[in-house]
Each structure stands twice: as C-alpha cells, then as structure tokens.
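S.K.: Handing you a structure now.
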Amino acid sequence: MGDKVPVLKQGPYLIASIQTALTDAGWLEFQDDLLSRVGRFRSRGVIIDMTLLDVLDSFSTRTVRALAQSLKLRGAETVIVGIQPEVAMAMVQLGLVGRFEEINTGLDLEEGLAGLDKLTGEGMAQDVG
Amino acid sequence: MSDKDRIRIETDADIVNARQRGREMAAGLGFSSADLTMIATAISELARNIVEYARTGEIAVKLVSRNSNKGVAIIAHDDGPGISNIDQAMRDGFSTGDGLGLGLPGVRRLMDEFEITSEIGKGTTVAVKKWRQ
Ligand SMILES: Nc1ncnc2c1ncn2[C@@H]1O[C@H](COP(=O)(O)OP(=O)(O)OP(=O)(O)O)[C@@H](O)[C@H]1O
Ligand SMILES: [Mg+2]
C-alpha cells in the first residue's frame, strides 16, 4: 500500500512522521526504510512522530520496539513522540506499557529533539528551536 | 447507516479497514474518543489473530442495546484450527506464535464483556461488547 512514511533529515537526525494508519506490511516497510536511511545519512538519532496514529496495538508496538533496538545497533538513538492520550490509555489496558519501558518517549517534536541531544551529545534543539 | 456490518478478514489491510469501520459505527453512538480507541484497538487484535492463526474469517460489528443503554458488539469468527487450551490462551504473555501474548487478555480488559468459544479443528468465536456509560 503506498502509504509511505515521510522522513525528514535534520542535521544528524531523521524525523519520521507517520501520517496514516499503517498495515502490518506498511510497518515492516517503514522499519526497513528507516534502517537503511540511518546508514545512508549516518544519522545519530531518529524521532518517530505518532501524533496522527489512532491505534497502537500489540503488533505495531512490537515493531516499533524492534525498530528502536535495531537503530541502536546501527548507532542511532530513537525517541517516540506524540502518542495521543487515548492511545496511551488503550495501550495500558492492553498490557503494552511494560513493553515500551526501554523506549525513549517525549510529548512532542521539541521534547524529542531535546531528548536526542541529551542521548547523543549533539546540539540540534537549540539550533532549531 | 446500517446497525450491522460484516467485514471479511483475510489480509493485513482488512485489519486496518475493520478497525476503522468499527470505530465509525461506534462513533455514531456517541462513545468518547477514549472508548473509540479501545474499541478500535480490540478489533485490531481480534482481526490480527484471525489473519495469523486462521488465515481467514470475519468480524461483525453490531449496535446493541440493553434497557436504556446502548453499546457495540464485536464478533470475530473463523473456521480455523481452534484453541486447545483457552485458559492458557487468555493468560498474559502466552503465545504459540512470536507475539507478546497480549491480544486476547488485552481485549478482555479493553471491553466490558468478553466471551470466547473455540473447538479444535472447527474454529474460534470471540464476542465482546462495550457499553456507552
Ligand atoms: N482465532 C484464533 N484461532 C486459533 N488460535 C488462536 C486464535 N486467537 C488466538 N489464538 C491462540 O491464542 C494465543 C494467544 O493469543 P493472543 O492474541 O493473546 O496472543 P498472540 O496473538 O500470540 O500475541 P499478540 O496478540 O500479543 O501479538 C495465540 O498465540 C494462539 O495460539
Ligand atoms: Mg494476538
């Protein structure tokens, strides 16, 4: 399905903004795409913006967690931002929260950038802010 | 809008489609957005179990009422392999696949009513309801 996730390069970071509900195949495609971009651009950090996502179920959570772990092995930190309050509540009910513990999260893009700066020692948040 | 909708579940695109249609139908009843998200998440889990373990099946979304209360019922049905031990399948963390084993117990927590019947070699039906408080 052509719902490609747009990825923006911002200095040493990549910002991926999920625009629409992804199918399972779409999630896997996103995973591959981000992993190859991090290598291509030698990115130090990645922000995944989920503001527009209306559901995070067990499959997508598992995929995001695996993605963050793989990105780490490729030398990039990941911060997930924009999980909506209702989505967060449903994730708690589903039992997914423990599964997100090792993943860095932030409220919005600004917090995401600040989080990456801290994790990587880069200084993008000030430049962009 | 009809008060009943049956969605054939076969591919991962059907999973997204089913949860969007379920959400739309429930939205018509005036559920809060928190409830709509829980309903959509539950449909997603049930639909994925169909694709993953039974390959094909269907999800019916129905508007229901009891006394003056209105709600939505989701019935996920397949003619797949069935579940040999339901108690075990309902346990957090139990999975015969490579999942987290959270789908079924999670759906029970997300919804107000939960019923599962399954017969080996015949199939599985999970019927759940959420009431508008
Ligand atoms: N429709 C079904 N047909 C046959 N077996 C099923 C069906 N749904 C669930 N099961 C069985 O019940 C187990 C538990 O299901 P559950 O959805 O809780 O976890 P999971 O699918 O393994 O992982 P997750 O949903 O967290 O990705 C499954 O591993 C599978 O063995
Ligand atoms: Mg499941």
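The values are calculated or read from the model by the stated rules, or taken from the named source; none is laboratory data. All of these numbers come straight from a predicted model, not from anything done at the bench. All Cβ positions, even for glycine, are placed from backbone atoms using ideal geometry, and neighbour counts span all protein chains on display. Each accessible area value is taken on the protein alone, full model and side chains, heavy atoms only, with ligands, DNA and RNA left out. Shrake-Rupley method; radii C 1.70, N 1.55, O 1.52, S 1.80 Å.
S.K.: If A:Asp54 passes every condition in (1) over 28 Å from B:Leu36 (Cα atoms); (2) surrounded by 14 or more Cβ atoms within 10 Å (Cβ to Cβ) but one, which one does it miss?
M.R.: It is condition (1) that A:Asp54 fails.
S.K.: Identify the single condition in (1) out of contact with any strand residue (DSSP E or B) (no Cβ under 7 Å at 6 or more places or on another chain); (2) within 12 Å of ligand 2 (Cβ to nearest atom); (3) open to solvent by 30 Å² or more (accessible area, probe 1.4 Å) that B:Gly99 does not satisfy, given that it satisfies every other one.
M.R.: The one condition B:Gly99 does not meet is (3).
S.K.: Tell me, which strands (runs of 3 or more DSSP E) wholly within region B:29-133 include 3 or more residues that are more than 17 Å from B:Asp5 (Cα to Cα), away from every other protein chain (no Cβ under 14 Å) and out of contact with any helix residue (DSSP H, G or I) (no Cβ under 9 Å at 6 or more places or on another chain)?
M.R.: B:113-119
S.K.: Looking at region A:84-101, which of its residues are in a helix (DSSP H, G or I) and either more than 7 Å from every other protein chain (Cβ to nearest Cβ) or within 18 Å of the chain's Cα centre (by Cα) (or both)?
M.R.: Within region A:84-101, A:Pro85, A:Val87, A:Ala88, A:Met91, A:Val92, A:Val97, A:Gly98, A:Arg99, A:Phe100 meet the criteria.
S.K.: Also, I was wondering about something else. Scan region A:53-83 residue by residue and report those that are of a type in the set (D, E, K, R), within 14 Å of another protein chain (Cβ to nearest Cβ) and assigned to a loop (DSSP other than H, G, I, E, B).
M.R.: Residues satisfying the conditions are A:Asp54, A:Asp57.
S.K.: Between A:Leu107, A:Leu53, which is modelled with pLDDT of 95 or more and within 20 Å of A:Val7 (Cβ to Cβ)?
M.R.: The match here is A:Leu53.
S.K.: If you scan region B:18-28, which residues turn out to be open to solvent by 40 Å² or more (accessible area, probe 1.4 Å), part of a helix (DSSP H, G or I) and more than 9 Å from chain A (Cβ to nearest Cβ)?
M.R.: B:Arg21, B:Glu24, B:Ala27
S.K.: May I pose another question? Looking only at residues that are in contact with a Gly (Cβ under 7 Å, 6 or more places away or on another chain) and in contact (Cβ under 8 Å) with a residue 24 or more places away in the chain in region A:1-28, which one is most open to solvent (accessible area, probe 1.4 Å)?
M.R.: Ranking the qualifying residues of region A:1-28, first place goes to A:Met1.
S.K.: Further, regarding this structure: Within region B:54-76, track down each residue that is among the small types (Gly, Ala, Ser), more than 16 Å from ligand 1 (Cβ to nearest atom) and over 18 Å from B:Glu24 (Cβ atoms).
M.R.: B:Ser65, B:Ser68
S.K.: What residue, among those in region A:29-50 that are on the phi < 0 side of the Ramachandran plot and exposed (fewer than 15 other Cβ atoms within 10 Å of the Cβ), is farthest from the chain's Cα centre (by Cα)?
M.R.: A:Arg40
S.K.: Within the group B:Gln133, B:Gln88, which residue is of a type outside the set (A, V, I, L, M, F, W, C), within 11 Å of ligand 1 (Cβ to nearest atom) and open to solvent by 20 Å² or more (accessible area, probe 1.4 Å)?
M.R.: Result of the check over B:Gln133, B:Gln88: B:Gln88.
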